[in-house]
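Just dropping this structure here.
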Amino acid sequence: MEPIDLEYDDAELELPSEPMSLNMGPSHPAMHGTIRMVLKLDGETVKSTDIQPGYLHRAFEKMAERGTWAQVFPYTDRLNYCSPLLNNVGYALAVEKLLGITVPRMGQLLRVVHGELSRMADHLTCNGAMAMELGAFTPFLWYLKAREWIWECHETQTGARMTHSYFRIGGTALPATDQFVARARKTVQRVLEVVAEGESLLLRNRIFLDRTQGIGVLSRETALAYGVSGPMLRGSGVDYDVRKDKPYLTYGEVDFDVPIGEDGDTFDRFMVRSEELRQSARIIEQTLDLMEKVDPRSPDAKVSVDDPRVMLPPKSEVYGTIEGTINHFKLIMEGVDVPAGEAYAYTEGGNGELGFFVVSRGGGTPWRVRVRSPCFYSLQSAKGLIEGGMLADIVPIFGSVNMIGGECDR
Amino acid sequence: MADVELETRVVGGGDAGFVTTKFEALLAWARKYSLFQYPFATACCGMEFFAAASPRYDIARFGAEAPRFSPRQADVLWVVGTISQRQAPVLKRIYDQMTEPKWVIAFGTCASCGGFYDNYATVPGIDKILPVDVMIPGCPPRPEAVLDGLMLLQQKIGDGDRTTAVVKNTQLPDGAEEKLERLYNIRMRP
Amino acid sequence: MARIILDRLKERFGADVLETSSQHGDDVAVVTPARWREAAEFVRTDPRCACDYFVDLSAIDCCDNGDPEARFEVYVIAYSVARKHRVRLKVRLPEDNPEVDTLIPVWVGANWMERECFDMFGVRFKGHPDLRRILLYEEFKGHPLRKDYPAQQAQPLVAYREGTYDKLRPFLADEGMPLDRTFKAAQDPD
Ligand code: SF4
């Protein structure tokens with residue numbers, strides 16, 4: 001007997017469907033930041049989308065033009081608030097480039113250690129949140145626990161849990177405390193254990209794999225043309241890491257690998273971040289070794305440049321001598337006198353190439369501070385990842401893009 | 001039942017006994033320990049909000065465990081982070097969607113007064129657009145301050161008080177300062 | 001360094017490259033608005049430049065140079081992943097009706113950056129498919145990163161409530177403002 005539907009072709013059996021518009025955000029709980037998407041759906045397939053950032057626009061660039069150069073630091077903390085110290089480093093390097101000064105060795109090492117600790121916190125948050133959005137709540141809680149340890153390590157050093165403003169133009173606010181090296185070593189070890197535990201929950205989990213592998217594929221060429229950087233670009237197989245390609249601070253002296261993905265899907269981005277956690281740990285350990293090797297009596301052991309035009313004098317001088325008082329007053333009220341010119345300095349931030357383009361017209365106030373925020377670029381490319389996929393895949397894709405509102409909208 | 005005690009009398013009747021109280025007092029008491037929250041997390045403070053909800057600080061101990069991601073089911077609106085002018089209509093709409101009784105906590109300096117974002121893009125404090133019950137200063141507030149804020153809100157709910165309150169520094173108990181000084185070798189007293 | 005790009009540009013565009021410099025190791029070339037797109041295309045496709053990676057596009061308000069014909073400087077930064085060098089191209093635009101060709105055909109990534117540039121500075125990009133505001137809202141008037149836009153001039157979408165406190169008032173709570181509420185120490189549960 002012949003099947004009854006032989007004479008129909010499949011197209012006729014499909015129900016006709018109207019495209020549907022769906023508004024997602026800007027306060028969607030499963031989104032990292034505040035972002036609005038207007039989706040055109042056909043059934044569950046996303047036909048087209050309009051991504052609208054800007055709900056957290058806080059006028060960073062305008063505010064930077066209003067104070068002194070040093071007053072920009074607190075605002076940079078709040079750009080990528082998952083890794084504040086990396087932003088501090090980026091901005092400090094940009095201004096130092098204009099000033100033409102180099103921070104003494106110990107200051108550089110401190111910047112590297114703190115920056116990498118910050119990067120670990122950032123990747124922990126991102127990977128944890130992504131797992132949570134796929135329903136795996138336990139890794140999220142574990143990763144937050146580990147992040148708490150890192151914050152504690154920062155806190156003993158900087159006094160703040162999250163918004164540190166620890167670096168200064170020309171150095172660091174304070175030298176490392178006595179226990180810092182030991183504490184950092186221990187923290188890194190404990191964090192790595194948690195990372196391994198978290199991975200053991202996820203990497204053989206069928207649901208996690210099915211929902212990340214082959215989803216949201218970003219090709220190499222598209223990624224480059226969009227200016228995507230950081231873990232997302234490396235997930236697409238481009239070997240570009242500012243720390244390797246143009247080593248700044250002391251990154252040239254330490255040995256680490258740049259993990260690269262193959263397919264450019266959500267899973268690869270997750271794995272790149274996971275691996276970067278381990279590489280950051282390697283960098284930290286080696287840098288801590290280097291710190292211990294610095295002779296405490298040599299000029300290398302200073303954390304800030306010895307230049308009264310840039311650094312505030314020590315408090316004993318401010319209260320004890322008239323020169324110190326005047327110096328302090330001038331630096332606070334008028335700011336560091338940065339020569340006219342413009343410079344673009346870029347570092348590897350939590351999400352990729354974090355660039356600060358600073359323009360000075362001379363004097364203590366920046367003329368323009370532009371931040372090249374990596375997730376604005378990643379987010380722009382997300383349109384291509386979402387379209388053609390399923391509605392439910394939007395959330396893990398966004399998780400892997402790691403859009404941070406403060407940095408994206410500035 | 002410590003908080004209802006003032007208006008509560010235990011009436012005799014053997015071992016079991018029974019309790020009388022004013023209905024409002026009982027209702028307020030019931031409400032304050034079963035707060036369903038809607039976290040409206042926009043910015044950096046959200047990280048600290050996660051931390052307060054995560055195992056170490058564990059906000060669930062204070063009866064505010066369940067986040068409800070629908071404003072219609074929530075009692076407390078946590079406004080966590082900066083509210084930009086563009087976001088303001090959204091926030092207002094979410095507040096309007098919540099059913100009575102509802103309370104609002106402004107988490108962090110930005111939500112309370114705009115903080116150092118004193119510019120064209122930011123709403124200088126959400127009390128410009130909706131009534132606020134508790135403000136938690138700090139940029140971001142430490143999780144301890146968040147817990148203080150929650151307890152302050154619970155106290156206000158119990159008292160039926162709808163004025164705006166600001167979380168202040170908690171006083172250390174007597175003798176704690178000496179102990180801290182001894183333990184950590186620091187000076188805390190003038 | 002990447003002098004090679006500057007040399008190639010000068011070779012190719014002659015007098016249309018207005019100036020070049022290498023301050024602080026950043027190579028900069030200023031081109032005329034007419035050949036802006038062409039120069040960018042050249043930097044990307046020329047095998048010896050090969051700047052396939054789009055880094056940044058934004059503008060600077062140079063209202064202090066006293067030349068209304070060159071008030072805005074739009075710049076684009078491009079990088080070559082293979083050759084590891086980067087270049088900054090600039091174009092100077094007049095005060096009224098600043099307009100320049102879009103770079104979307106060269107790097108797709110320029111799309112949002114140009115929208116942002118339009119939003120913040122009011123620079124228009126000829127041929128841009130979707131030149132809308134991106135960080136601010138449609139109702140916003142003016143372009144905030146221009147130096148003549150006052151930083152504090154907000155344009156609220158939601159009318160502010162009556163009787164809210166001024167920005168700094170909550171901090172005066174200690175002076176007997178209605179906000180004053182001391183935090184009662186939590187009572188021990190019985
Ligand atoms: S109060 Fe501070 S930490 Fe909180 S959202 Fe505002 S800037 Fe961010």
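Have a look at A:SER360, A:SER27, A:SER373 and tell me which one the Gaussian network model of chain A (Cα, springs below 10 Å) gives the largest fluctuation.
A:SER27
Between A:GLU334 and A:ILE101, what FRET efficiency follows from the Cβ-Cβ distance if R0 is 22 Å, with the result rounded to 0.05?
0.75
Here's something else I'd like to know. On a C-alpha basis, how far is the centre of the stretch C:81-122 from the centre of the stretch B:21-57 in Å? Whole number, if you could?
If we compute the Cα centre of each part, the gap is 47 Å.
Between A:ASP257 and B:LEU183, what FRET efficiency comes out of the Förster formula 1/(1 + (r/R0)^6) with R0 = 41 Å and r the beta carbon distance, rounded to 0.05?
Calculated value: 0.40.
At A:ARG309 and B:ASP58, where each label point lies 7 Å from the Cα along Cα→Cβ, what is the point-to-point distance in nanometres?
Each label point is offset 7 Å from its Cα along the Cβ direction, giving 5.7 nm.
Find, among the chymotrypsin sites (Phe, Trp or Tyr not before Pro) in the stretch A:332-410, those assigned to loop by DSSP (not H, G, I, E, B) with at most 14 other beta-carbon atoms within 10 angstrom.
Counting only loop positions with at most 14 other Cβ atoms within 10 Å, none of the chymotrypsin sites (Phe, Trp or Tyr not before Pro) in the stretch A:332-410 qualifies.
List the residues, sorted by chain then number, that are 5 or more residues from A:GLY363 or on another chain and whose placed amide H is less than 5 Å from its amide H.
For A:GLY363, whose amide H was placed from the backbone, the distant partners under 5 Å are A:VAL338.
Let me ask another. Please give the average number of partner chain Cβ atoms lying within 10 Å of the Cβ of each residue in A:196-208, rounded to a whole number.
Average per residue, whole number: 0.
Same structure again: Work out the length of the dipole vector of the protein assembly as shown about its Cα centre, built from +1 on the beta-carbon of each Lys and Arg and -1 on the beta-carbon of each Asp and Glu, and round it to the nearest 20 debye.
1880 debye
Sticking with this structure for a sec: State, in square angstrom and to the nearest 100, the accessible area buried between chains C and B, both chains counted, probe radius 1.4 Å.
3000 Å²
Then there is this: Heavy atoms only, probe 1.4 angstrom, no DNA, RNA or ligands counted: give me B:ASP133, C:ASP67 ranked by accessible area, highest first.
Descending order: C:ASP67, B:ASP133.
What order do C:ASP27, A:ASP307, C:ASP52 take when sorted by accessible area (1.4 Å probe), most exposed first?
Reading off the accessible areas and sorting them downward yields C:ASP52, A:ASP307, C:ASP27.
Which far-off residues, 5 or more places away or on another chain, put their amide H under 5 Å from the one on C:PHE72, with H placed in the peptide plane?
Those lying under 5 Å, H to H, from C:PHE72 are C:CYS62, C:LEU93.
Taking a cut-off of 26 Å between Cα atoms, list the lysines near A:LYS246, but don't count ones fewer than 8 places away on the same chain.
A:LYS97, A:LYS293, A:LYS302, C:LYS84, C:LYS90
For A:MET390 and A:ASP245 in one chain, what is 0.36 nm times their gap in residues minus the Cα-Cα distance, to one decimal in nm?
Result: 48.5 nm gained on full extension.
Would you work out which of C:CYS117, C:GLY127, C:TYR79 lies farthest towards the positive end of the dipole of the stretch C:1-154, given +1 charges on the beta-carbon of Lys and Arg and -1 on that of Asp and Glu, about the Cα centre?
C:TYR79
If you don't mind, another one. At A:LYS40 and C:LYS126, where each label point lies 7 Å from the Cα along Cα→Cβ, what is the point-to-point distance in nanometres?
3.0 nm
In whole angstrom, and with the biggest value first, how far do the Cα coordinates of the protein assembly as shown range along each principal axis?
Projected onto its principal axes, the Cα set of the protein assembly as shown covers 104, 104, 54 Å.
Would you tell me the mean number of C-beta atoms belonging to other protein chains that fall within 10 Å of each C-beta in A:62-69, as a whole number?
Mean shielding count: 4.
Quote the accessible area belonging to A:MET291 in square angstrom, nearest 10, computed with a 1.4 Å probe and with ligands, DNA and RNA left uncounted.
10 Å²
Give me the mean projected area, in nm² to one decimal, of the convex hull enclosing the Cα positions of the stretch A:51-408.
Across all orientations, the stretch A:51-408 yields a mean hull projection of 17.4 nm².
Determine how large the accessible area of C:ARG83 is when every protein chain is in place; take a 1.4 Å probe and give Å² rounded to the nearest 10.
120 Å²
Mind ranking C:SER80, B:SER70, A:SER316 by accessible surface for me, highest first, 1.4 Å probe?
Order by accessible area, largest first: A:SER316, B:SER70, C:SER80.
Any chance you could look up the accessible area of C:LYS141 with a 1.4 Å probe, heavy atoms only, rounded to 10 Å²?
150 Å²
Also, I was wondering about something else. So what is the diffusion coefficient of the stretch B:51-184 in µm² per second by Stokes-Einstein at 37 °C and 0.692 mPa s, using a Kirkwood Rh over Cα pairs?
For the chosen part, D equals 206 µm²/s.
Using the eigenvalues of the Cα gyration tensor, what equivalent ellipsoid semi-axes result for the stretch C:1-53 when each is taken as the square root of five times the eigenvalue, whole Å, largest first?
15, 15, 10
May I pose another question? When each pair of different Cα atoms in the stretch A:42-175 is counted once in the 1/r mean, what is the Kirkwood radius in angstroms, to one decimal?
Its Kirkwood hydrodynamic radius stands at 16.8 Å.
Over the C-alpha atoms of the stretch C:1-126, what are the Rg and the largest Cα-to-Cα span, Dmax, in Å?
13.7, 41
Need one number: nm distance between label points at A:ALA173 and A:SER48, each 7 Å from Cα along Cα→Cβ, rounded to one decimal.
5.0 nm
Would you be so kind as to identify which of B:GLY63, A:GLY170, B:THR109 lies farthest towards the positive end of the dipole of the protein assembly as shown, taking Lys and Arg as +1 and Asp and Glu as -1 on Cβ and the Cα centre as origin?
Result: A:GLY170, furthest along the dipole toward the positive end.
The values are calculated or read from the model by the stated rules, or taken from the named source; none is laboratory data. Bear in mind that the values here come from a model prediction, so they are computed numbers and not experimental data. Virtual Cβ from ideal backbone geometry, glycine too; neighbours counted across all protein chains shown. Accessible surface is based on the protein model in full, side chains and every heavy atom, while ligands, DNA and RNA are left aside. Shrake-Rupley method; radii C 1.70, N 1.55, O 1.52, S 1.80 Å.
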